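Trainee: Just passing along the structure, written as structure tokens.
We did not get these values from a lab; they are worked out from the coordinates using the rules stated. From a predicted model like this one, the values you see are computed outputs, not experimental measurements. Because the Cβ atoms are built from the backbone with ideal geometry, glycine has one as well, and the counts that use them run over all protein chains shown.
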Amino acid sequence: MKATKLALETARSRCIQSNQDGMHPKLETIVNKHLNTHYQRPIANHTQQAFDAIRKQVEQHTAPLIFDSCCGTGLSTRHIAQNHPEALVIGIDRSAKRLSKTYSEALPDNARLVQAECADFWRLAQQAQWKLSQHFLLYPNPYPKSSQLKRRWHAHPSYPSLLALGGTIELRTNWLIYAQEFCHTFQIAVPKQPKISPELFTPKDYWTLFEKKYHQSGQNLYFCRLYQ
């Protein structure tokens, strides 16, 4: 039954539909606005509590710090922690239901899962002057409608906080336009960096359930790694 259900879910995985046929015409205007203004929305209480609960542990930890933002069920956090045993890896997701999913293998000792709003958690981490060695954004919600541009991370008011945390940023997505916009906004924010373009890639193993679903349904997957 489970295998049949997975096969049906895979078959139903459709390519992203959008009324955009290229990068959004207002992208640069919106990004420059965010880069030159201060995001003042109040921090969500549950995110503040989650940050306070883990702050001491992070600040006492001398190893590299890695964020796995929008980590979903935490499968990617497990992979990242296993690949970087020297680091403390924090998986962040807004959904308690997704984070509660269990796997046969326990969460690695160097990994933590946090229920929080990523935008708020990034701002709190920036205020605390945390610095990341790496930051993973694996298959974030693409918000493909043109009217949803400001909900994409690279055009969100929290984007400056994402950049301020430093580290190498790795994005994976099944929507080329999202990857192109992400690389372009990075070029706007960090103009001295060499131009980076998204690359097609084939996963050797599946880091997220979305990655598995998209790949097995024949969709193209795009990857970009941005160095700060």
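Trainee: Straight-line reach from Lys97: which lysines have Cα under 22 Å away, leaving out those fewer than 8 places along the same chain?
Mentor: Hits, sequence-local ones excluded: Lys2, Lys5, Lys212, Lys213.
Trainee: Taking θ as phi - 60°, what are the ³J(HN,Hα) couplings along the range 59-73 by the Karplus curve (6.51, -1.76, 1.60), each to the nearest whole Hz, with x for Gly and Pro?
Mentor: 6, 8, 8, 8, 7, x, 10, 10, 9, 10, 7, 6, 7, x, 7
Trainee: Under the definition of Cα pairs under 8 Å and six or more residues apart, what whole-number percent is the relative contact order of the chain? Kindly include the intermediate steps, with their values, before the conclusion.
Mentor: Values: 367 pairs, mean separation 55.3, N = 228.
It rounds to 24 percent for the chain.
Trainee: Antiparallel DSSP bridges in the chain: what percent, to the nearest 5? Numbers along the way, then the final one.
Mentor: Working: 7 of 26 bridges.
Approximately 25 percent, going by the DSSP bridge assignments.
Trainee: Next question, about the same structure. If the only charges are +1 at each Lys and Arg Cβ and -1 at each Asp and Glu Cβ, what is the size of the charge dipole of the chain around the Cα centre, to the nearest 20 debye?
Mentor: Using Cβ point charges on Lys, Arg, Asp and Glu, the chain gives about 560 debye.
Trainee: Residue by residue through the range 202-217, what is 3J(HN,Hα) from phi via Karplus (6.51 cos²θ - 1.76 cosθ + 1.60, θ = phi - 60°)? Round to whole Hz and write x for glycine and proline.
Mentor: 10, x, 6, 9, 9, 8, 9, 5, 5, 4, 5, 4, 5, 5, 6, 9
Trainee: Same structure, new question: Once phi is turned into θ = phi - 60°, what whole-Hz ³J(HN,Hα) does the Karplus curve with 6.51, -1.76 and 1.60 give for every residue of the range 222-227, x standing for Gly and Pro?
Mentor: Result, ordered by residue: 10, 9, 8, 10, 10, 9 Hz.
Trainee: Efficiency by 1/(1 + (r/R0)^6): what FRET value for Gln57 and Asn83, r their Cβ-Cβ distance, R0 = 25 Å, to the nearest 0.05? Spell out each step's value before the answer.
Mentor: Values: r = 21 Å, r/R0 = 0.84.
Once the sixth-power term is evaluated, E becomes 0.75.
Trainee: Is the shape of the range 5-106 rounded, prolate or oblate, going by the alpha carbon gyration tensor and its root eigenvalues a ≥ b ≥ c, with a/c under 1.5 for rounded and a/b larger than b/c for prolate? Working shown, then result.
Mentor: On the way: a/c = 1.93, a/b = 1.10, b/c = 1.76.
Taking the square roots of the gyration eigenvalues as a ≥ b ≥ c, the range 5-106 is oblate.
Trainee: Now for a different question. Write out the trypsin sites (Lys or Arg not before Pro) in the range 127-228 meeting two conditions: DSSP loop, and at most 10 other Cβ atoms within 10 Å of their Cβ. Don't skip to the end; give the middle numbers.
Mentor: Numbers: sites: Lys131, Lys145, Lys150, Arg151, Arg152, Arg172, Lys192, Lys195, Lys204, Lys212, Lys213, Arg225; in loops: Lys131, Lys145, Arg152, Lys192, Lys195, Lys204.
Sparse-neighbourhood loop trypsin sites (Lys or Arg not before Pro): Lys192, Lys195, Lys204.
Trainee: In debye to the nearest 20, how big a dipole does the range 13-135 give about its Cα centre with +1 on each Lys and Arg Cβ and -1 on each Asp and Glu Cβ?
Mentor: Numbers: 14 positive and 11 negative charges, 64 e Å.
Charge dipole of the range 13-135: 300 debye, to the nearest 20.
Trainee: Considering the dipole of the chain built from charges on the beta carbon (Lys and Arg +1, Asp and Glu -1) around the Cα centre, which of Leu75, Ala87, Gln20 is farthest to its positive end?
Mentor: Gln20
Trainee: Evaluated at 10 °C with a viscosity of 1.306 mPa s, what Stokes-Einstein diffusion coefficient in µm²/s does the range 43-226 have when Rh comes from the Kirkwood expression over alpha-carbon pairs?
Mentor: Estimated diffusion coefficient is 94 µm²/s.
Trainee: Among the aspartates and glutamates, select those whose C-alpha is under 18 Å from the C-alpha of Lys150, and discard any that sit fewer than 8 residues away in the same chain.
Mentor: Asp21, Glu28, Glu117, Asp120, Glu181
Trainee: Can you work out the FRET efficiency for the pair Gln129 and Asp109, with r the C-beta to C-beta distance and R0 = 25 Å, to the nearest 0.05? Provide the component values of the computation, followed by the final result.
Mentor: Numbers: r = 26 Å, r/R0 = 1.02.
For R0 = 25 Å, the calculated efficiency reads 0.45.
Trainee: Does the range 32-86 come out rounded, prolate or oblate by the C-alpha gyration tensor, with a ≥ b ≥ c the root eigenvalues, rounded set by a/c under 1.5 and, if not, prolate when a/b is larger than b/c and oblate if not?
Mentor: On the way: a/c = 1.85, a/b = 1.58, b/c = 1.17.
Because a/c hits 1.5 or more and a/b exceeds b/c, the range 32-86 counts as prolate.
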